[in-house]
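The values are calculated or read from the model by the stated rules, or taken from the named source; none is laboratory data. This structure is a prediction, so every number in the text was calculated from the model and none was measured. Cβ placement follows ideal geometry from the backbone for every residue including glycine, while neighbour counts extend to all protein chains displayed.
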Amino acid sequence: MDLNTLRQFVVVARLEHLSRAADELRVAQPSLSRTINRLESELGAPLFDRADRLRLNDTGRLFREYAERALGELDAGRRAVAEAVSEGVGGVRLASETFLTLTGPLAAFKQAHPAVEVQLHWTPAEEMARRLRAQDVDLCVASQPIHAEGLASARLFDEAVGVGTPLGHPLAERAAVSIDELAGQPIITARPGHWIRRLLDRLFAARGLTPKIICESDEPTAIAALISAGLGIGLVPAFARRSPTRVPGAWIPVDDPDCRRTVTLYWGADSHLPPAARLMRGTITGWDWTGGALPPSPGDRAAIGGPPALWPPRA
């Protein structure tokens, strides 16, 4: 069992597809298949079920955790040596569901530490715990809870999530809107798994409703533009209203205490964070997240008042 075998197994385990794994690893599929077979023979147990398609079994999931941890420790060791030799702080790898929320602290960090190499990785929340345990990334920022052992966290901020509508929409002049009133409305939102989609599905399911989704997109600017163009409405976090990238539209509070998001920074509780990651963690946790005057919660209608606010793409 060598490092190359472990790396190839981890990719196959993640993709559960030999041909796609071979393409990513840039190896021939028959060679990759033989590598996995040899590994299973050496371990004395199958790691995948091969009925209708390749699927990681319980034994494979167990071994995957150890393989990722071993590879992560070796990579961390290489980084530590490189940093010691160069007498520098090295680099930091940050994963997030979106980076629009993080532009302020990232800009401040880069200005304060121009020599630090910053790697940004878009990562869905369900992948963050695995990547942190494998030390594939140093820090993760998520807009939904990550329930996993071995992680430490710091809450960054909590905010209201409202409804974005085009100007002139029947709901645009409302002081607040209920979830029931959104039933039947054409909704533009993110794909399944994204925090804003999970929030939408959860709010509707709690009332036995199904949202009328007419478009799913991973592009915040496209979602904002489509709503502004009058094709539908959608959930929009309050933080997004402070973005410099704006499109015409209204932001209406939702009359539901659960229509909120909590943004949290995560890192491995047992991992040794490199100096650059510790600096980044300090910048993000020390950032004045309320300095831009986050809009109040749905119940604080007096502070909202006035004409409909302009809102930009999602944070």
Tell me, which strands (runs of 3 or more DSSP E) lie completely within segment 233-315 with 1 or more residues that are more than 30 Å from Ala115 (Cβ to Cβ) and at pLDDT below 80?
none
Could you please tell me which pairs satisfy a Cβ distance under 6 Å, a separation of 6+ or placement on different chains, a first residue in segment 1-20 that is assigned by TED's automatic domain parsing to the domain that holds Ala51 and closer than 17 Å to Asp52 by Cα, and a second residue that is among the basic types (Lys, Arg) and outside any loop (DSSP other than H, G, I, E, B)?
Ala13/Arg64; Glu16/Arg55
When residues of segment 104-133 are limited to those that are closer than 17 Å to Arg198 by Cβ and among the aliphatic types (A, V, I, L, M), the one surrounded by the most Cβ atoms within 10 Å (Cβ to Cβ)
Met128
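Restricting to segment 191-216, name every residue that is in a loop (DSSP other than H, G, I, E, B) and either β-branched (Val, Ile, Thr) or crowded, with 16+ Cβ neighbours inside 10 Å (or both). Spell out how you get there, then give the answer.
Keep residues of segment 191-216 that are in a loop (DSSP other than H, G, I, E, B), which gives 191-194, 206-211.
Correct list: His194, Thr210, Pro211.
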Which one is farthest from Leu74 (Cα to Cα) among residues in segment 2-47 that are touching a helix residue (DSSP H, G or I) at 6+ places or on another chain (Cβ under 6 Å), part of a loop (DSSP other than H, G, I, E, B) and hydrophobic (A, V, I, L, M, F, W, C)?
Ala45
Candidates Thr101, Thr35, filtered to the one that is among the β-branched types (Val, Ile, Thr), surrounded by 17 or more Cβ atoms within 10 Å (Cβ to Cβ), touching a Phe, Trp or Tyr at 6+ places or on another chain (Cβ under 8 Å) and in the same structural domain as Arg197 (by TED's automatic domain parsing):
Thr101
